[in-house]
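These notes are about the structure you will find just below.
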Amino acid sequence: MSSIRLREDAGLPLFEPPERLTAPGHVAPDLAIACPATDRPFRLEAERISVEGSERGPATSIRIDGQRVIGRIQAGEGVVANVVLSPGRIRRERIGPGGSLQETMLAAPTLPWVALHWAPVGGALSVQVLPEARVERYRVNGGLATVADPGSNQVLALALSPASGPWAAEPHAQGGLVLRHGGAPSPLTLLIAYGPPETVRTAFRAAGHLTTHEVRAIGRPGHDPLTVSTGARELDDAVAWMTSRLRHGILHAEHGEPEGTDHARPWLWAGLGSVAIGDGDGALRCVRALQRAGDTEAAALLAARVALATGQVDALLGHADVLLAEAKAGADPALRRLARRTVADALRYAAPDDVLELLREGTERAPAPSGRRLPTIGHPVETDGTGSWLTSMLERKGTSAPAVTPAVGGRGPAEQALAEALRAWSDFASESSEAWAAWRMLVQQGITPGHHGGGSWDALLKPPAVTGALLAAMAYGWLGTSPDAPVGRLSLAPRLPEHLRSFRVRGIPIGDSRVALSYERTEGAHGFTVDIERGRVPPVLVFEATVPGQVGRVMLDGTPVDPHISQGSRGSTVRLQIPLDAPHTIELERG
């Protein structure tokens, strides 16, 4: 790097950061993991930002809008003893010769900046910036440093508050630039922003409200994403973490292009999870990733599921044309048949009859298999039959789960977790108690400590397949949700294990509406309450609950009704249909 002609350039923009940033507040985190610091990794994610590092060590990578802008941040002395990790924030306690020091790192929820705060004393700083670029131009002005990103109109700006003393700059031996600062004998905040100059100016103006951003970053998701309340806080928090991880994981994984169908398959699981929680935008991002990878059938299937959940079918006509234009059956004929059938269902009021007939033509004419592989006891056989398996899971054909689950390539922890998540989803169709236990264990493994740090299930910059599969298993396997927004109909088929006494689910999506489902078991009855949280047009509810034991009388809003009741090995299944024009209570008397 000695050939780099590093020069200070007065022509670079000069920003005006807040004179003294308000320190992040001591708000009680709604979602948090508190533990002694170890060498485990940590990850912070927001819509435009991801931060990686180890609990004891420095932040080793900060990406903003997909660009790695920081290679390493080292601050002060001492050893990190304790950590409190939240979705968009990490707070650490450093213990050293001068006493204890509290360090907070905050990733803004939607803005392109990261803030670090040290109190009561901020030590010397060393920051490697733009580590993968050939940096030549920079500018320092007191506590403000601006570095030009070569080959673009983007700049990286670092501002200290209070601004005491100048930065010093020097080339890094492995790339980028090293900025050093002596620190300050008072609480110190470092703000890092990246983007075009006007974006950085806006980010600096918005950074004057750190406490507000902190509350937004670490708070529980609002009512729109699907959330659960079971009374087991670690489980409920983990589901809230997963909804945040799924959205952010999809945004970050878009920066890495898939390399073909095998690499794109995780996008399908991430997309199905997004549909399950009502994140149509995230699901459509997964559709586009599948299209880029050439996985036509998976893209069409996922796009059709989005249309069934949202009622927006215009974009689906293009997928129908592609499915009809391609004569090849593909590597997974069952997936192609399922995609065509699902597209036809979503388009049944938007496409001509001849198109629907062509889509459905031959979808039920799959050749009969010549034999069946039987699983060894305790070791389910795995196959590449993603289409056959998804047909059983999404269309709930038959009364029990198939004996096999789709094979998952790779042997790393994330691939193993994905295989186990799909198996738990499959088991919900046959044995809800065992499936619940397996699913809950996987969820807790992600929240503490996770394969890639607390609150994580998937690798950074990879499609969040494990997170998506776990959320899909919850929505489609446990709750049995099946929206049909084009006709205004929502199917709920919860499968309740014996030990589950109560729960509440909010944000079940159907078009523009969101539905809530509550359950409480008493000595004499299973009680359900279904309510529409928001929406202009009340949907029709198709209710099909499976509960342990036998069911006697069924009451709807206090009045006896005569629904269809069937008895099986897993308990009793009650089926009824009602308009969801008001809150309804459904009581299934036991015995």
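The values are calculated or read from the model by the stated rules, or taken from the named source; none is laboratory data. Small disclaimer: the values here were computed from a predicted structure and weren't measured. So basically every Cβ, Gly included, is an ideal-geometry build from the backbone, and we count neighbours across all protein chains shown. Keep in mind that these areas ignore ligands, DNA and RNA; they rest on the heavy atoms of the full protein, side chains included. Shrake-Rupley method; radii C 1.70, N 1.55, O 1.52, S 1.80 Å.
On the given criteria, is GLY571 surrounded by 13 or more Cβ atoms within 10 Å (Cβ to Cβ) and either touching a helix residue (DSSP H, G or I) at 6+ places or on another chain (Cβ under 9 Å) or at pLDDT 95 or above (or both)? So GLY571 passes the test.
Residues are listed down the side, and each one gets a yes or a no for (1) touching an Asp or Glu at 6+ places or on another chain (Cβ under 9 Å); (2) in a helix (DSSP H, G or I); (3) at pLDDT 70 or above:
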position	(1), (2), (3)
GLY318	no, yes, yes
VAL322	no, yes, yes
ALA327	no, no, no
ARG336	yes, yes, yes
ARG348	no, no, yes
ALA351	no, no, yes
SER370	no, no, no
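Could you check the range 547-590 and list, in sequence order, the residues that are assigned to a strand (DSSP E or B) and closer than 23 Å to GLY488 by Cα? If the condition is that a residue be assigned to a strand (DSSP E or B) and closer than 23 Å to GLY488 by Cα, then LEU556, HIS564, VAL574, ARG575, LEU576, GLN577, ILE578, PRO579, HIS584, THR585, ILE586 are the ones that fit.
Just the residues that are more than 23 Å from VAL83 (Cα to Cα) and open to solvent by less than 10 Å² (accessible area, probe 1.4 Å), please, taken from the range 443-474. Reasoning before the result, please.
Residues of the range 443-474 more than 23 Å from VAL83 (Cα to Cα): 461-474.
Within the range 443-474, PRO464, ALA465, VAL466, THR467, GLY468, ALA469, LEU470, LEU471, ALA472, ALA473, MET474 qualify.
Of the set (1) outside any loop (DSSP other than H, G, I, E, B); (2) touching a residue at least 40 places away in the same chain (Cβ under 8 Å); (3) not basic (Lys, Arg), all apply to ALA331 but (1).
Considering only the range 394-414, I want to know if a residue exists there that is modelled with pLDDT of 90 or more and closer than 28 Å to HIS499 by Cβ. Checked against the condition, which is being modelled with pLDDT of 90 or more and closer than 28 Å to HIS499 by Cβ, the range 394-414 yields at least one hit. Being open to solvent by 40 Å² or more (accessible area, probe 1.4 Å), part of a strand (DSSP E or B) and out of contact with any Phe, Trp or Tyr (no Cβ under 6 Å at 6 or more places or on another chain) is true of ARG72. Taken as a whole, the condition of being at pLDDT 80 or above and either touching a strand residue (DSSP E or B) at 6+ places or on another chain (Cβ under 8 Å) or within 23 Å of GLN567 (Cβ to Cβ) (or both) does not apply to TRP439. Looking only at the range 33-54, filter to residues that are among the aliphatic types (A, V, I, L, M) and in a loop (DSSP other than H, G, I, E, B); which one of those is nearest to MET242 (Cα to Cα)? The selected residue is ALA46. Candidates in the range 483-523 are the residues that are assigned to a loop (DSSP other than H, G, I, E, B) and open to solvent by less than 40 Å² (accessible area, probe 1.4 Å); of these, the one that is nearest to VAL306 (Cα to Cα) is GLY511. When restricted to residues that are of a type in the set (Gly, Ala, Ser), under 28 Å from PRO24 (Cα atoms) and either open to solvent by less than 30 Å² (accessible area, probe 1.4 Å) or under 37 Å from the mean Cα position of the chain (by Cα) (or both), the range 125-168 contains 6. Could we say that GLY57 is open to solvent by less than 30 Å² (accessible area, probe 1.4 Å) and in a loop (DSSP other than H, G, I, E, B) here? Taking the combined requirement at face value, the residue satisfies it.
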